[in-house]
Amino acid sequence: MARLSQSFLTELRNGAVLSPMAGVTDLPFRRLCRKMGAVYVVTEMVSAKGFVMNGESLRAARELLATDASEQGKVALQLFGHEPDVVAEAVDRLSRSGRYFMIDLNMGCPVPKVTGNGEGSALMRDPEKAYQVMHAAVEASILPVSVKMRLGFEEGADTFPAVARMAEKAGIVLLTMHARTRSQYYSGRADWRKIRQLKEMTDLPVIGNGDIQDAAGAIRMFEETGCDGIAVGRAAEGNPFLFREIREALAGKPVRLPDMEERRMVLLQHAQELCKFKGEMIGVREMRRHVMSYVHGMRGAAALRREVNMLTELETLKETVCRFFDQAEK
């Protein structure tokens, strides 16, 4: 059974991990977050059944599975599925691909199209079923296997202690917990007390996730939960600079917030790389949401949204963004 090194566990305390997010943590965005100091990054969710049935024959699958040299040893593959034999086959093939340093099993996704198939956070309802999936993955993998989970499926029915015990039994090496239930989705407040509870009951390393918005929040998460690492998701959208800020704060250094010029330059770099990776038509369309994340809270953002949502060409997008930032700096 593959394990994590002590140097890896030490590095976890020096920064933050980029959580997997569907439609966000593709290769271009992960590159930016790694450059800014993310300890490691996680791919978008990949369906075990979809991979077993289609491999990389579909363009979408190739994009989801893509990595590059800059991520060597720093990217984990997130896989979801509920059939142990199917998960095992996908893990066997993907863990041997040489692209990833760890396989991360998703038991946290709340969306109905995933939970309706008994996958994602639906596995939190059935710790025994979760064990079967985890055990199958560990047995099939030549890489360490981690799990991303939630408190439970419904409010007031926390199953994370039972799932954590099953994870230990199955040979899982690390737990990441988003401290909300599935029924909360992303609303309300993450309950950091439950992260502390998990840390106190298990010998496995625990990464805390939920409501870290800034460097000060990262420090509080460590202090209040005793966790071994932290993960950032939605707060990193349009803000890859957050990983640098967290590293600086944890090292006791002054935190450098991005100025307008750096924010503009990184946004344009993101757009360029996304269009190169997915093609201009898809890249510009997907970049629309990212643009709005980069300029969130800035004067004129609503008008920019209306304009950007009509664009189909990269050069026009760049010109529009530059004009917006020029006006914002006046």
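Would you work out which of Ala90, Met1, Leu77 lies farthest towards the positive end of the dipole of the chain? Charges go on Cβ: Lys and Arg +1, Asp and Glu -1.
Of Ala90, Met1, Leu77, it is Leu77.
What is the fewest-to-most order of His82, His296, His178 by other Cβ atoms lying within 10 Å of their Cβ? Walk me through the numbers on the way to the answer.
Numbers: His82 22, His296 11, His178 27.
Placing the least packed residue first, the sequence is His296, His82, His178.
Nothing charged except the Cβ atoms of Lys and Arg (+1) and of Asp and Glu (-1): what's the magnitude of the dipole of the chain about its Cα centre? Round to the nearest 20 debye. Present the calculation step by step, with values, prior to reporting the outcome.
Details: 46 positive and 43 negative charges, 88 e Å.
Its charge dipole is roughly 420 debye.
What net charge is computed for the residues neighbouring Met1, neighbours being all others with C-beta under 14 Å from the C-beta of Met1, Lys and Arg scored +1, Asp and Glu -1? If you can, show how the numbers build up before the last one.
Values: positive: Arg3, Lys169; negative: Glu139, Glu168.
Net charge around Met1: 0.
Treating only the Cβ of Lys, Arg, Asp and Glu as charged (+1, +1, -1, -1), what charge dipole size does the range 260-328 show about its Cα centre? Round to the nearest 20 debye. Walk me through the intermediate numbers first.
Values: 12 positive and 10 negative charges, 60 e Å.
About 280 debye.
Evaluate 2.2 N^0.38 Å with N set to the residue count of the chain, then give the Cα radius of gyration divided by it.
Values: Rg = 19.6 Å, N = 330, 2.2 N^0.38 = 19.9 Å.
The value comes to 0.98.
Strictly greater than 26 Å: what percent of every Cα pair in the range 181-330 meets that?
On the way: 4521 of 11175 pairs.
So the portion of pairs separated by more than 26 Å is 40 percent.
Charges on Cβ only, +1 for Lys and Arg, -1 for Asp and Glu, centred on the Cα centroid of the chain; of Ile246, His135, Asn117, which one is farthest towards the dipole's positive end?
Most positive-ward Cα: Ile246.
With a cut-off of 8 Å between alpha carbons and a minimum separation of six or more residues, what is the relative contact order of the range 131-176 in percent? Don't jump to the answer; show the numbers that get you there.
Numbers: 47 pairs, mean separation 24.3, N = 46.
This gives 53 percent for the range 131-176.
If I take every Cα pair under 8 Å that is 6 or more residues apart in the range 260-328, average their sequence separation and divide by the length, what percent do I get for the relative contact order? Could you put the intermediate results ahead of the total?
Values: 49 pairs, mean separation 24.8, N = 69.
Computed over the range 260-328, the figure is 36 percent.
Normalising by the residue count of the range 6-250, find the relative contact order in percent from Cα pairs under 8 Å and 6+ residues apart. Walk me through the numbers on the way to the answer.
Numbers: 531 pairs, mean separation 46.8, N = 245.
Averaging sequence separation for qualifying contacts and normalising by length gives 19 percent for the range 6-250.
Of Lys148/Lys253; Lys276/Lys318; Lys35/Lys276; Lys74/Lys318; Lys148/Lys276; Lys169/Lys199, which ones are farther than 20 Å apart at the Cα? Don't jump to the answer; show the numbers that get you there.
Values: Lys148/Lys253 31 Å; Lys276/Lys318 14 Å; Lys35/Lys276 18 Å; Lys74/Lys318 30 Å; Lys148/Lys276 31 Å; Lys169/Lys199 16 Å.
Correct reply: Lys148/Lys253; Lys74/Lys318; Lys148/Lys276.
Roughly what % of Cα-Cα distances in the range 260-328 sit above 13 Å, to the whole percent?
Percent of Cα pairs beyond 13 Å in the range 260-328: 57.
For the range 70-120, what size does the Cα cloud have along each of its three principal axes, sorted from largest down, in whole Å?
That gives 35, 23, 12 Å along the principal axes, largest extent first.
Quick check of the Kirkwood formula: for the range 19-104, what is the inverse mean of 1/r over all pairs of different Cα atoms, in Å? Don't skip to the end; give the middle numbers.
On the way: mean 1/r = 0.0773 Å⁻¹.
Taking the inverse mean of 1/r over all distinct Cα pairs, the range 19-104 comes out at 12.9 Å.
Output wanted: per-residue J couplings in Hz (rounded whole) for the range 62-67, from phi through Karplus 6.51 cos²θ - 1.76 cosθ + 1.60, θ = phi - 60°, x for Gly and Pro.
Each residue of the range 62-67 in turn: 4, 5, 5, 8, 5, 9 Hz.
Divide by every residue of the chain the summed helix terms, -39500 (n - 2.57) for each DSSP H run of at least 4, and state the resulting mean residue ellipticity at 222 nm, rounded to the nearest 500 deg cm²/dmol. Walk me through the numbers before you get to the answer.
On the way: 15 runs with 159 residues, N = 330.
Rounded to the nearest 500, it is -14500 deg cm²/dmol.
A short reminder: the numbers here are calculations on the coordinates, not readings from a lab. Note that the structure is predicted; figures quoted are calculated from it, not measured. Please note: Cβ atoms are built from the backbone with ideal geometry, for glycine as well, and neighbour counts cover all protein chains shown.
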